[in-house]
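Participant: The structure that follows is given in the form of structure tokens.
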Amino acid sequence: MGPVQERREQQNVRRNINLVTEREIILKPLNIEEHFNSFILLKIYDQLEYAEALRDGTLYMRSQKVFAELDDKARGDYIEDKKFVVRPGIEMITEMRYIEVDGKPAFEFTKRKREEGDSDGVYFYANNKKASQNMIYSLYALWFNYETGEVRKIDRKLIDELGDFCCVIYNPLEFINRIRLSMEDNVKVGFVDYVDFNINPIQRRHPFMKDLIEYGNQSEYRVLFENNEVSEELFYDVVGDFKDITYITRTSDFIERFRVIDGRLEIPKI
């Protein structure tokens, strides 16, 4: 199938898929300041060939279970594979008691303000049974304001730890919709919300939630593919490619030279 015919096939499929709208994709996390109203997506690699593979349409994904076991602050999260999380906060304490619901055993969790003499409180994690099937593709969301040209501060240490090469996705809406076209009903997309567990020690965790204190610098946009098989990693080839909506640059060059001027994005290229 040639590129023209392939694009036509994509257009035909679009009529039957619920694509992400601009309004949906701009539902930004609460920790992003109000005046930042636009964003681009970055994928950082330690080798150029990996960035080129993304432009060709290949997503290298790993399971939630793998990310939970990574000893790496830039990539890992030890509660990534948990479905339900309860842990004490600095100001709030959690308590647990045994109850019965419709004759079946259950646990009830409550929270209250910490008082002098309190113990640490309850730590409780419930595993997500699908953590070895749910495949994650993470990107860095860089926020800016088109009108003023202000760019949200980039955590340079975080990005430097990830690699020397940066694939810049300057049309996030089209990028996500091409993924949706390929993965259809088996994919969820969205920004990760960073929650302060010190204030909210009881959380029904979902795949788009992380601890604000430990991981708030990640500014993650996430693709979650619900795989039918247990696997540590997956190379997923989307329909078509991303060559017309991406650039490859060096990470250090991007950090130093990316600008928003008169409503235009100035992105350095290799």
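The values are calculated or read from the model by the stated rules, or taken from the named source; none is laboratory data. Since we're looking at a predicted model, the values are computed, not measured. Backbone-built Cβ (ideal geometry, glycine too); neighbour counts: all protein chains shown.
Participant: State all residues of the range 215-238 that are surrounded by fewer than 19 Cβ atoms within 10 Å (Cβ to Cβ), assigned to a strand (DSSP E or B) and of a type in the set (D, E, K, R); if no residue qualifies, say none.
Facilitator: Result: Arg222, Glu226, Glu233, Asp237.
Participant: Pick from the range 31-53 the residues that are surrounded by fewer than 15 Cβ atoms within 10 Å (Cβ to Cβ) and acidic (Asp, Glu): which of them is nearest to Ile270 (Cα to Cα)?
Facilitator: Filtering first and then ranking leaves Glu49.
Participant: Within the range 244-266, restricting attention to residues that are among the charged types (D, E, K, R) and not in a strand (DSSP E or B), which residue is surrounded by the most Cβ atoms within 10 Å (Cβ to Cβ)?
Facilitator: The residue in question is Asp253.
Participant: Also, I was wondering about something else. Within the bounds of the range 17-36, is there any residue that is at pLDDT 90 or above and under 24 Å from Lys188 (Cβ atoms)?
Facilitator: There is at least one residue in the range 17-36 that is at pLDDT 90 or above and under 24 Å from Lys188 (Cβ atoms).
Participant: Moving on. Kindly list the number of the only condition in (1) assigned to a strand (DSSP E or B); (2) without any contact (Cβ under 8 Å) to a residue 40 or more places away in the chain that fails for Glu116.
Facilitator: (1)
Participant: Would you mention how many residues in the range 226-270 are under 21 Å from the mean Cα position of the chain (by Cα) and among the charged types (D, E, K, R)?
Facilitator: So the answer is 5.
Participant: Sticking with this one: Is it the case, given these coordinates, that Ala106 is more than 30 Å from Leu41 (Cβ to Cβ) and either within 28 Å of the chain's Cα centre (by Cα) or assigned to a strand (DSSP E or B) (or both)?
Facilitator: Taking the combined requirement at face value, the residue satisfies it.
Participant: Check whether at least one residue in the range 127-134 is charged (D, E, K, R) and either closer than 25 Å to Phe175 by Cα or part of a strand (DSSP E or B) (or both), and report yes or no.
Facilitator: no
Participant: Another question, then. Does Lys210 qualify as being modelled with pLDDT under 85 and touching a strand residue (DSSP E or B) at 6+ places or on another chain (Cβ under 8 Å)?
Facilitator: yes
Participant: Still on this model: Starting from the range 34-46, take each residue that is of a type in the set (Ser, Thr, Tyr) and list its partners that are surrounded by fewer than 16 Cβ atoms within 10 Å (Cβ to Cβ) and at pLDDT below 95, counting only C-beta distances under 6 angstrom and pairs at least six apart or across chains.
Facilitator: From the range 34-46, the pairs are Ser38/Tyr146.
Participant: From Ile79, Ile93, which residue is hydrophobic (A, V, I, L, M, F, W, C), surrounded by 18 or more Cβ atoms within 10 Å (Cβ to Cβ), in a strand (DSSP E or B) and modelled with pLDDT under 85?
Facilitator: Unique residue meeting the criteria: Ile93.
Participant: With the checklist (1) of a type in the set (A, V, I, L, M); (2) modelled with pLDDT under 90; (3) surrounded by 12 or more Cβ atoms within 10 Å (Cβ to Cβ) in hand, flag the one item Val101 doesn't pass.
Facilitator: Every condition holds for Val101 apart from (3).
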